[in-house]
Amino acid sequence: MHKMRAVGAFIGLAIGDALGAPLEGLPPPPFAVTEMEGGGIHNTLPGQYTDDTLQASALAETLVRCGGLEPGDFSRLLVLVYRAHPEFFGPTSRAVLDLIEGGVGPGDAARMVHEARGGSRSNGSVMRGIPVGIFYPPPEVREASLAASRVTHFDPAAGEASAFVNRMVSGMCRGEEAGAAFGHALAACRDPELRDLLRDYRAHPREPSLDAVLCTHCAVSVFMDASSFRDAVVTAVNLGGDADTVGAIAGGLAGARWGFHAVPASWLSALQDREELLDLARRLSRASRA
């Protein structure tokens, strides 16, 4: 386990989320955003993160506290962060967590919302899932990713998208090169649409979409073509659209590849709750399975 890659993956997620937050839901900006800014649809402060990091932190806490994924504990922590910051949560997670808070089991709540809304292929379980990749070694990461996704997202494609990203993170945190990690994730992917999009990822336009499959293609494509941590995150967030989530996924992958020391100092110093997030990242790294 490369500790600096593990810490980099978790902090990279938060950095991408915070850099992208003021660009969320908007068209690509006229000039590239390269430093922490505020504003946007949520009127965030510079360096403030959104529910991508809130949910990822809840997942990391569960993994550390329970020594692995415990869906009941995870769903309880998700309800707590949702209640604290409901404005950031997407419609799928919001509807599921309302039901869970009312006493419905996580799996049942996700299925009910999926049926009521006519689907749950949104990217909420992908953006938060990177702690699973940090914690679990490659042979175990797929099943845990699918289980973590199912807490809120019943659609199997959302789980496959999360498993793809997490397999890459798991491999890179344990010493794999990016190309090898990508190849292993592709080989394990069981969603035909996602596999086809990613097999030749440059052949398809990058869409910073709320859709789990399109969002994952977008973030992975940006990451695979990036020359540095900074390049990956700047490129990801400046696509606009679901900028904080594409930024969080690309940032998590980039942190797993280039390590914590590759995070620009000006971004890190502006990051909200920096010390608490670093402490959680280190605890997650220490608790992770070899």
Looking at segment 118-128, can you tell me whether even one residue there is on the phi > 0 side of the Ramachandran plot and open to solvent by 50 Å² or more (accessible area, probe 1.4 Å)?
yes
Have a look at Ala265, Ala270 and point out the one that is without any contact (Cβ under 8 Å) to a residue 40 or more places away in the chain, among the hydrophobic types (A, V, I, L, M, F, W, C) and either touching a Cys at 6+ places or on another chain (Cβ under 8 Å) or farther than 21 Å from Ala163 by Cα (or both).
Ala265
Being open to solvent by 30 Å² or more (accessible area, probe 1.4 Å), of a type in the set (A, V, I, L, M) and in a helix (DSSP H, G or I) is the filter here; which residues of segment 210-227 pass it?
Leu214, Met224
Criterion violated by Gly119 - all others in (1) of a type outside the set (Asp, Glu); (2) within 19 Å of Pro91 (Cβ to Cβ); (3) over 15 Å from the mean Cα position of the chain (by Cα); (4) part of a helix (DSSP H, G or I) satisfied:
(4)
Test Glu207 against the criterion of being in a helix (DSSP H, G or I) and surrounded by fewer than 23 Cβ atoms within 10 Å (Cβ to Cβ), and give yes or no.
no
Can you list residue pairs whose Cβ atoms sit under 8 Å apart, with the first residue in segment 89-114 being more than 13 Å from Val79 (Cβ to Cβ) and the second being of a type in the set (Lys, Arg)? Count only pairs 6 or more apart in sequence or on different chains.
Pro91/Arg117; Thr92/Arg117; Gly107/Arg150; Ala110/Arg150
List pairs: first residue in segment 218-242 and in contact (Cβ under 8 Å) with a residue 24 or more places away in the chain and polar (S, T, N, Q), second residue open to solvent by 30 Å² or more (accessible area, probe 1.4 Å) and in a helix (DSSP H, G or I) anywhere in the structure, Cβ distance under 8 angstrom, at least six positions apart or on different chains.
Ser228/Trp258; Ser228/Ala262
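The values are calculated or read from the model by the stated rules, or taken from the named source; none is laboratory data. Computed from a prediction, not measured in an experiment: that's the story for all the values here. Heads up, the Cβs are rebuilt from the backbone with ideal geometry, glycines too, and the neighbour counts pull from every protein chain shown. We work out accessible area using only protein heavy atoms, side chains counted, and drop any ligands, DNA or RNA first. Shrake-Rupley method; radii C 1.70, N 1.55, O 1.52, S 1.80 Å.
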